[in-house]
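The values are calculated or read from the model by the stated rules, or taken from the named source; none is laboratory data. Small disclaimer: the values here were computed from a predicted structure and weren't measured. Virtual Cβ from ideal backbone geometry, glycine too; neighbours counted across all protein chains shown. Accessible surface is based on the protein model in full, side chains and every heavy atom, while ligands, DNA and RNA are left aside. Shrake-Rupley method; radii C 1.70, N 1.55, O 1.52, S 1.80 Å.
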Amino acid sequence: RAVTCSGRGGARAKNEDSNASFDPPTGAPLVMSAAGTDERAPLLLGADAASGGWGWRKRALAGLAILGTLAACVCAVAATGGLGPVGRAALGLDEQCHSPLAQSAKEIGLSTYAPPEQCKAMVVCAGSPRAASTAECTLAEHVLEYMMEDEHRAGRLQQEKATYLGYWNYHLHQLCSDGFDCENKYPANLRELWTRDDWSNALSNIDGGDDIRTEMDNYYGKRDSVDASSVVIAKSHEFDETLLTMCDRRLVLTSSRDKEEVFDSALSLGWFTQPKEESRWWFDTYYDLWQQWGHCWVSATQGDENTARFDLNFKQLSTEGSFRAVVRLMAYELAKVLQLDDTLMDMNGIVDKVVDRDFQRELNPALTNGGLRTAAAEAASN
């Protein structure tokens, strides 16, 4: 049955002084997560908003700006069975998904990261927030560590280890951490910044500017060491099509988790305020946005013979058997991306090392991996 949608929500509100102010319809204030160098998190209003004069009507109106865009896409997806041209057009994305950070940055004259000129393979850690995305990325790093060491020692691989580039476009992610309406959240005094020197000078007057400058310098230092034989890793919750054009071959890591568990995990970190039900509407709004990024990653990897996708479900981390199985499957996918012959590898040895190292261990110590048990030995050592 055909589904018809029309309209595109989303009026814009000025928010030039700080991306932490709450001004409808931009959305919610943002706070730095404990992760520090990895990701920022939306602190969405619950009971505090209501007590401050934000009743349900105003909260609904503020959220409509976000949901207007999402609703158009959801309707298009329902009609087409996927994120086809109708869905992309509804999102204002023409014929493909685009980065919510980079697209807005370009509109106001802010440069994005310049990618490496060439590299052999790339792992994109694109898991959904609070769905074991950091754990999945860590597992990939450790599999690559043991695999590449062995293959380099055997003379079958030029590079001995992968290069972790950090969070992609970290500078933009820190300035617009929820990935929505970014052109109105980027500080007004950051405009027409096209070089690293431009950014370095401008960041002196921005809160958190030193951290952003350090991460930017780290990125370019690592990028400049990358060559045609390099294997690189980068993380991005937000969809970014640039990552799908880098290197000769790519593996995109996505992740999934029960929606209610995601909500509980985000609540435990203070991303949303208690009581839980007062924040549910806001959580649903942002969860839909995160799901949309996931749809973009999935859609972009389909039909590309040089790009594969590996999805981890949070439940696969719960038992040693399922943990071991997912590490093994990931190892075979990484071998394919690196174009290595897995029959020549000690795959059992690689899997054993990763399981011994990571099972029941906190893989995101700055945040949480959702309550997985911590090994007694590690707990004692801490």
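Provide the per-residue ³J(HN,Hα) series for the range 351-358, in order, calculated from phi with Karplus coefficients 6.51, -1.76, 1.60 and θ = phi - 60°, each as a whole number of Hz, with x at glycine and proline positions.
4, 4, 5, 5, 5, 4, 7, 10
Taking the mean number of other Cβ atoms within 10 Å as a proxy for protection, how do you rank 163-173, 187-197 from highest to lowest?
Output ranking for 163-173, 187-197: 163-173, 187-197.
Translational D (Stokes-Einstein, µm²/s) of the range 263-365 at 25 °C and 0.890 mPa s when Rh comes from the Kirkwood sum over C-alpha pairs?
Estimated via Stokes-Einstein, D reaches 147 µm²/s.
Label Glu117 and Gln339 with points 7 Å out from Cα along Cα→Cβ: what is the distance between them in nm?
Placing both labels 7 Å beyond Cα along the Cβ direction yields 2.0 nm.
Across 10 Å bins from 0, what is the distribution of all Cα-Cα pair distances for the range 120-252, in whole percents?
11, 36, 33, 16, 4, 0
With a 1.4 Å probe and every protein chain left in place, work out the accessible area per residue of the range 219-301 in Å², rounded to a whole number.
33
Round to a whole number: what % of the accessible area of the range 192-307 belongs to carbon and sulfur, probe 1.4 Å?
With neighbouring chains kept in place, the figure for the range 192-307 is 42 percent.
Between Asn313, Thr301, Val327, whose Cα lies farthest towards the positive end of the dipole of the range 217-329 when Lys and Arg beta carbons carry +1 and Asp and Glu beta carbons carry -1, centred on the Cα centre?
Result: Val327.
Tell me, what % of the accessible area of the range 105-182 is carbon and sulfur with a 1.4 angstrom probe?
Summing carbon and sulfur atoms, their accessible area is 40 percent of the total for the range 105-182.
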